[in-house]
Structures are given as C-alpha cells and as structure tokens.
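Note sheet for the following structure.
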Amino acid sequence: MSFQVEGNLLLIIFVSYFGTKLHRPIMIGVGCVVMGLGCFLQSLPHFLMGRYEYESTVSVSGNLSSNSFLCMENGTQIFKPTEDPSECVKEVKSLMWVYVLVGNIIRGIGETPIMPLGISYIEDFAKSENSPLYIGLIETGAIIGPLIGLSLASFCANVYVDIESVNTDDLTITPTDTRWVGAWWIGFLICAGVNVLTAIPFFFLPKTLPKEGLEHNAEIIKNDKEKQEDVKKKRDGITKDFLPFMKSLLCNPIYMLFILISVLQFNAFVSMISFMPKYMEQHYGKSASEAIFLLGIYNFPPICIGYIVGGLFMKKFKITVVQAAHIGCWLSFTEYLLHFLCFFMICDSSSVAGITTSYEGIHQNLHVKNFLADCNMDCNCPTKVWDPVCGDNGLSYMSACLAGCETSSGTGRKMVFQNCSCIRTPGNSSAVLGLCDKGKDCSMMLQYFLILSVFSSFIFSLSAIPGYMVLLRFVKPEEKSLGVGLHAFCTRVFAGIPAPIYFGALVDYTCLHWGTLKCGESGACRIYDSNSFRYIYLGLPAAIRGSSYIPAFLILFIFRKYRLSEENASSETMLVAKYKGKENEGKEVDQNAKVLNDDELKTKL
C-alpha cells in the first residue's frame with residue numbers, strides 16, 4: 001500500500017493542477033489503463049517463483065512411514081532450517097519483490113487523476129445544489145468497489161495459493177491457520193482486466209459540458225464561452241498560476257484546518273481498516289477469509305447508504321456551508337463516542353500451553369514461556385515450529401509432539417493424534433490439527449462488535465459529504481482541482497504512508513510467538529496477546545481522532561465569530577468569498593443573497 005501511495009504522490013499535485021487545463025475524461029481513462037498494467041505486474045511473482053512451503057512438523061504428503069513429528073526419544077522434525085547455505089542465499093537474493101514494488105508504483109500513478117479531476121469535472125458543470133448528491137454517488141461508487149474487492153479477496157483467501165499445482169487434500173492446514181496463504185494473485189489478474197474495461201467509456205466523454213440547468217440560457221452560454229476564451233489565453237503561461245494558487249490555498253485558514261482534520265482522521269481510519277481483518281482473526285478467532293468477508297458485508301453497505309442519504313439530505317434541504325460544517329462535525333463526534341463501546345467486547349487470548357497458559361491450563365505470565373513440561377521433556381520436540389493442535393481437554397498445544405502424542409491416524413487435515421501424555425483426560429487422550437475454538441461467548445462478542453460497526457459506519461459516512469462540501473466551497477473555482485489534489489497529497493503523505501508502518505510496529509510488540517522461516521530466521525507472528533492488541537487497535541485511533549476535533553471545533557468557532565446562521569445567507573456568502581480571497585465570488589456562491597452595503601460589509605468582515 002505504501003508503494004502505491006508513493007506512486008500517487010509523484011504526480012498528484014501536478015496532475016491536479018495541469019489536468020484541469022487538459023482533457024480530464026481522457027486523462028482519467030489513461031489512468032485506468034495504467035492501473036490495469038500495475039495490477040498485472042503485481043501478479044507475476046506467483047508465476048515466476050516456486051511453491052509456498054509452510055512450517056510444519058507433519059509431512060504434507062501424509063506419509064506415516066516416519067513418525068518423527070510425534071513424541072519419540074531421539075525424534076527429529078520434518079520441517080527444520082535448511083543446512084544448505086546456497087539455498088538461503090538464493091532465497092534472500094530473490095527479486096520477486098521488485099514486481100510488487102513497480103506494480104504498486106504504477107497503480108499509484110494511474111490512480112492519481114481519477115478523484116481530483118473527476119470531482120472538479122462534476123463540480124464545474126453541476127448545479128451547486130446537485131453537486132453534493134453527485135459527489136455522494138461518486139463516493140458511494142468508491143465504496144462499492146472495495147466492497148466487491150473484499151468479496152473477491154474473501155474468495156481468494158479461501159483458495160490455497162498453489163491451487164493449480166498442489167493437491168489440497170494433502171494439506172495439513174486450513175484457512176483458519178495463520179500459516180495459510182490464499183490465492184492472492186487471482187484478484188490482481190481480475191482487477192487488471194476490470195480496470196482496462198472501465199477506461200473505455202471515459203475516452204468518449206466531452207472535454208467540457210454546459211452548466212447543468214443553464215443549457216438553454218443564451219446569456220449564460222455566452223459568458224461560458226468568454227470564460228473558455230480567457231482560459232485558452234492563459235494556457236500560454238500554463239505554469240504561471242501554479243505558485244500563486246498554492247500560496248492562496250496555504251493561506252486559506254478554513255482549508256488548512258480541514259486538511260489537518262483529514263490527516264488526523266485518516267491516520268485512524270487507515271490503521272483500523274488495514275488491521276481489522278487481523279484483529280478479528282486474533283481476537284475473535286476468525287479465518288482471514290471470514291474476517292475480510294465480514295469487514296465488507298458489515299461496514300461498506302452502511303457507508304454507501306450514508307453517502308447517498310447525506311447527499312440527498314443536503315440537496316433536499318439546501319444545506320448551507322455553515323450548516324454542513326455543524327452537521328459533519330457533530331455526526332462525526334457522535335460516532336467517535338460510540339467507538340468506545342468496542343472496548344467492552346472482549347475475548348481472551350487463545351489458550352496455548354507454554355505460551356498463554358501452563359500445561360495445567362492455568363494462565364501464566366505472557367512474558368515467560370515454558371514450552372517444555374514433565375509430560376514432554378523426553379520427546380525431543382522442536383520448540384520454534386508452529387504446528388498447533390487442539391486437545392480434547394480444550395487446550396491448544398504448539399505441536400503434536402509438545403502435546404506428548406505418540407500415535408496418529410488419518411492423513412491431511414483429518415489427521416488425529418492419540419495417546420497424548422500432556423492431555424490429561426479420561427480415556428484415550430487425543431488431539432486434532434489447528435487451534436481450539438474460542439467458544440460461544442466470543443462469537444456473541446463478535447456479533448456485538450459487528451453490529452456496532454454497522455451503526456458507526458453509517459453515522460460516519462453521513463458526516464463525510466457535508467464535510468467535503470466545506471472543503472470545496474471555501475476554495476476558488478479555478479483552484480478547486482488543485483485544492484482536492486493537495487488535500488489528497490497531504491492525507492497520503494502524513495497518514496497513508498506512516499499510519500500502517502507505526503501501527504504495524506506497535507502491533508508487532510504484542511506478538512507472543514513468531515514463526516520460523518526455511519533458513520531459520522523469524523517469520524510472521526503466529527499468536528498475539530489479545531488484550532494488548534485490543535488496547536492498541538482501539539485505543540490509538542481513539543486518541544488520534546480525539547485530537548482531530550480541536551481544529552474541527554476551531555472551524556465552528558470561526559463561523560460563530562462572524563455570527564453566521566442559516567437565516568443570514570448573505571453574510572455566509574461574504575465569509576466564503578473572504579476566505580476564497582475575492583468578494584465578487586460571493587455572488588457565485590449564492591445568487592439569491594442580498595448585497596450588503598459598504599458599512600455592513602466592513603462590519604461583517
């Protein structure tokens with residue numbers, strides 16, 4: 001994601017500015033084609049690299065001629081760090097990551113013109129009262145896309161990565177296992193084709209459109225033509241206005257405060273969305289496929305509805321910019337308060353002997369790990385390999401060997417281990433592959449968490465369109481595209497890139513056991529401290545979002561300072577014109593506003 005953002009940052013400000021002087025629909029179409037190329041490059045490593053090998057003490061082929069994965073004196077492990085240094089050197093020097101890097105950068109470059117040029121294109125040719133609805137529909141489309149993408153990702157995550165070359169019946173892991181890798185490459189290939197097909201209609205859109213509702217007004221059409229002539233004359237010095245426009249935007253206090261709010265809110269949003277599947281995996285015991293599916297189904301439809309309802313509400317009641325600021329702020333703050341209810345939806349960490357509990361099932365200090373006990377001391381078990389089994393006593397173990405199991409039956413995922421000395425239950429103590437389920441109480445907590453996320457997503461999306469209209473209406477028309485681009489640039493630089501990095505680093509501190517790669521170094525985290533993970537996942541975004549309401553309330557204070565209200569549209573018009581930098585633009589913002597006399601204007605401004 002960070003590399004894609006970097007590709008976007010290379011061009012976004014320049015495309016946002018120069019794009020308004022070129023054919024915007026064609027530039028958007030070209031961007032879609034470039035995105036398709038980037039997606040295709042990202043899928044190539046799967047076809048150029050070998051099969052995925054996961055750490056396991058059990059033979060993937062299911063051949064039981066050797067019981068080296070069970071509790072035996074002088075036993076050996078099937079999966080162990082390679083003793084051939086050349087294989088490790090070859091693995092380290094693999095350049096497959098270059099395809100992902102270049103593909104992400106190209107995707108970011110292709111994405112650059114879509115939102116800045118698309119929104120300015122609509123804002124330029126739509127009625128002012130219809131603009132919020134149209135932008136709401138665009139934002140809805142931007143949510144429907146990820147919803148479809150998450151559904152596709154859920155399907156791909158449930159399919160084994162090497163589905164075309166491996167017999168899945170021989171696998172000893174399931175999609176709920178942290179070692180499982182889904183068929184990620186299928187999604188990129190599909191997205192590449194869809195992006196190219198999406199580009200086609202944009203090449204047939206006109207460069208300019210008549211202003212909506214004024215198609216038959218001869219005087220307006222004449223004025224539009226005169227404006228277009230002026231624009232053509234200015235193209236001789238196409239770069240002349242860039243620095244003045246940037247200075248005007250940077251000196252606009254409402255605009256800059258809105259950017260600060262967006263950066264803080266986006267930091268929290270990116271962190272929570274990026275790590276929400278992992279949070280549901282670790283805290284509620286769901287597979288990656290289930291977590292991605294639940295994220296899409298429970299969060300994105302309410303967001304789509306919220307965008308549409310927000311746009312319709314502003315169109316129906318002709319909400320002014322000041323009213324929009326109040327609506328956006330207080331709705332967002334209401335959703336922020338609801339967020340704290342998530343702290344009460346608790347599930348304990350998985351009970352794994354030697355990590356979170358003792359072999360007697362008693363919770364232990366998470367910083368002290370005792371992988372060996374009297375029941376498995378003589379089994380010569382590997383203590384780094386993660387190949388968990390669930391005992392019929394409800395306790396999980398890092399491997400069948402560490403559970404003290406001496407015999408096994410079945411193959412693949414249906415393998416069952418018997419005579420497990422560490423599983424102290426009456427009769428033939430046995431275990432099966434995988435971690436134990438977290439129970440009905442945890443499933444109920446997950447339902448509460450998802451229901452709360454539905455309401456939170458809907459309320460937050462209701463505030464988005466009013467807030468976005470504040471951004472657009474306090475920027476000059478000729479600076480609108482650059483303003484949108486600069487806004488996107490700042491959110492990506494100060495939130496899109498750093499948020500996943502620092503948030504991921506903090507989450508890593510909650511890891512209780514790291515996996516082992518082929519060459520012996522640490523791999524991905526296999527199990528987290530559930531409570532610490534919860535405090536970081538919920539607490540850090542809450543703190544960041546809380547600070548964002550300081551500039552939000554400051555904007556409301558500025559409005560209050562000038563004593564604006566919905567009954568005094570003329571004074572609001574002049575305030576908008578003031579922060580845009582031109583008083584004459586007040587007439588364009590509200591054609592029905594009454595002109596203030598000079599003395600009253602001086603008093604208000």
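The values are calculated or read from the model by the stated rules, or taken from the named source; none is laboratory data. Just so you know, these numbers come straight off a predicted model, no measurement behind them. Reconstructed Cβ throughout: ideal geometry from the backbone, glycine too, with neighbour counts over all protein chains shown. Note: accessible area is taken over every heavy atom of the protein model, side chains too, but ligands, DNA and RNA are not part of it. Shrake-Rupley method; radii C 1.70, N 1.55, O 1.52, S 1.80 Å.
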### Query
Looking at the range 358-367, is at least one residue in contact (Cβ under 8 Å) with a residue 40 or more places away in the chain, small (Gly, Ala, Ser) and touching a Leu at 6+ places or on another chain (Cβ under 8 Å)?
no
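Would it be correct to say that Thr491 is hydroxyl-bearing (Ser, Thr, Tyr), in contact with a helix residue (DSSP H, G or I) (Cβ under 6 Å, 6 or more places away or on another chain) and without any contact (Cβ under 8 Å) to a residue 40 or more places away in the chain? Write out each step before concluding.
Working: hydroxyl-bearing (Ser, Thr, Tyr): yes; in contact with a helix residue (DSSP H, G or I) (Cβ under 6 Å, 6 or more places away or on another chain): yes; without any contact (Cβ under 8 Å) to a residue 40 or more places away in the chain: no.
No; evaluated as a whole, the condition is false for this residue.
Taking the range 325-347 as the search range and keeping residues that are assigned to a loop (DSSP other than H, G, I, E, B) and surrounded by 15 or more Cβ atoms within 10 Å (Cβ to Cβ), which one is modelled with the highest pLDDT?
At the first step, the residues of the range 325-347 found to be assigned to a loop (DSSP other than H, G, I, E, B) are 345-347.
Now restrict to residues that are surrounded by 15 or more Cβ atoms within 10 Å (Cβ to Cβ): 345, 347.
Working: Met345: 92, Cys347: 88.
Once the filter is applied, the top-ranked residue is Met345.
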#### Entry: Pairs where the first residue, in the range 250-266, is farther than 15 Å from Pro466 by Cα and open to solvent by 20 Å² or more (accessible area, probe 1.4 Å) and the second is assigned to a helix (DSSP H, G or I) and among the charged types (D, E, K, R), C-beta under 9 Å, 6+ apart
Leu264/Arg545; Gln265/Arg545; Phe266/Arg492
### Query
Identify, please: which residue in the range 419-456 is among the charged types (D, E, K, R) and surrounded by 15 or more Cβ atoms within 10 Å (Cβ to Cβ) and is, among those, nearest to the chain's Cα centre (by Cα)?
Lys438
### Message
List pairs: first residue in the range 194-210 and closer than 20 Å to Leu22 by Cβ and charged (D, E, K, R), second residue modelled with pLDDT under 90 and open to solvent by 70 Å² or more (accessible area, probe 1.4 Å) anywhere in the structure, Cβ distance under 9 angstrom, at least six positions apart or on different chains.
### Response
Lys207/Leu22
### Query
Checking Pro113 against (1) open to solvent by 20 Å² or more (accessible area, probe 1.4 Å); (2) closer than 16 Å to Arg492 by Cβ; (3) in contact with a Lys or Arg (Cβ under 8 Å, 6 or more places away or on another chain), which single condition isn't satisfied?
(1)
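Given the criterion in a helix (DSSP H, G or I) and either over 22 Å from Glu290 (Cα atoms) or modelled with pLDDT of 90 or more (or both), identify the matching residue among Phe417, Phe449. It would help to see each step written out before you state the result.
On the way: Phe417 fails: in a helix (DSSP H, G or I).
From the options Phe417, Phe449, the qualifying one is Phe449.
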### Message
If I ask for residues that are touching a Pro at 6+ places or on another chain (Cβ under 9 Å) and either hydrophobic (A, V, I, L, M, F, W, C) or not in a loop (DSSP other than H, G, I, E, B) (or both), which ones from the range 420-435 would you list?
### Response
Leu433, Leu435
### Task
Output the qualifying pairs, or none if there are none: Cβ atoms under 6 angstrom, residues six or more apart or on different chains, first residue in the range 504-516 and under 16 Å from Glu55 (Cβ atoms), second residue of a type in the set (Phe, Trp, Tyr).
Cys511/Tyr528; Gly515/Trp386
### Task
Could you tell me which residue of the range 457-488 is nearest to Gly296 (Cα to Cα), considering only residues that are open to solvent by 20 Å² or more (accessible area, probe 1.4 Å) and at pLDDT 85 or above?
Phe458
#### Entry: Residue satisfying condition, being open to solvent by 70 Å² or more (accessible area, probe 1.4 Å), closer than 30 Å to Gly108 by Cβ and at pLDDT below 75, within set Phe40, Phe47, Phe14, Phe18
Phe14
### Message
So Gly145 passes all but one of these: (1) free of Cβ contacts under 8 Å to residues at least 40 places away in the same chain; (2) touching a strand residue (DSSP E or B) at 6+ places or on another chain (Cβ under 9 Å); (3) of a type in the set (Gly, Ala, Ser). Which condition number does it fail?
### Response
(2)
### Message
Within the range 501-605, considering only helices (runs of 4 or more DSSP H) that don't extend past its boundaries, which have at least 3 residues that are crowded, with 16+ Cβ neighbours inside 10 Å and modelled with pLDDT under 60?
### Response
569-580
#### Entry: Evaluation of Ile319 against (1) at pLDDT 90 or above; (2) under 30 Å from Leu471 (Cβ atoms); (3) not in a helix (DSSP H, G or I) (one fails), failing number
(1)
### Query
How many residues does the range 355-395 hold that are acidic (Asp, Glu) and within 20 Å of Thr178 (Cα to Cα)?
1
## Note on the structure
The one condition Trp180 fails out of (1) buried (at least 16 other Cβ atoms within 10 Å of the Cβ); (2) assigned to a helix (DSSP H, G or I) is (2)
### Task
For the range 160-167, indicate whether the set of residues that are open to solvent by 50 Å² or more (accessible area, probe 1.4 Å), among the aromatic types (Phe, Trp, Tyr) and outside any loop (DSSP other than H, G, I, E, B) is non-empty.
no
## Note on the structure
Pairing a residue in the range 399-413 that is farther than 18 Å from Ile173 by Cβ and part of a loop (DSSP other than H, G, I, E, B) with any residue that is modelled with pLDDT under 85 and open to solvent by less than 30 Å² (accessible area, probe 1.4 Å), where Cβ atoms lie under 7 Å and the two sit 6 or more apart in sequence or on different chains, gives Gly404/Cys71; Glu406/Leu70; Glu406/Cys71
### Query
What's the number of the condition Tyr284 fails, among (1) touching a residue at least 60 places away in the same chain (Cβ under 8 Å); (2) open to solvent by less than 60 Å² (accessible area, probe 1.4 Å); (3) closer than 30 Å to Ser443 by Cβ; (4) under 19 Å from the mean Cα position of the chain (by Cα)?
(4)
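For Ile273, are the conditions met, namely being without any contact (Cβ under 8 Å) to a residue 60 or more places away in the chain, within 11 Å of Ser457 (Cβ to Cβ) and open to solvent by 40 Å² or more (accessible area, probe 1.4 Å)? Walk me through how you get there before you give the answer.
Details: without any contact (Cβ under 8 Å) to a residue 60 or more places away in the chain: yes; within 11 Å of Ser457 (Cβ to Cβ): yes; open to solvent by 40 Å² or more (accessible area, probe 1.4 Å): yes.
Yes, satisfied.
Okay, residues lined up against (1) more than 28 Å from Cys490 (Cα to Cα); (2) open to solvent by 60 Å² or more (accessible area, probe 1.4 Å); (3) within 20 Å of the chain's Cα centre (by Cα):
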| residue | (1), (2), (3) |
| --- | --- |
| Ile122 | no, no, no |
| Phe125 | no, no, no |
| Glu139 | no, no, yes |
| Thr172 | yes, no, no |
| Trp185 | yes, no, yes |
### Query
If you scan the range 364-418, which residues turn out to be surrounded by fewer than 18 Cβ atoms within 10 Å (Cβ to Cβ), closer than 9 Å to Ala431 by Cβ and of a type in the set (A, V, I, L, M)?
Val416
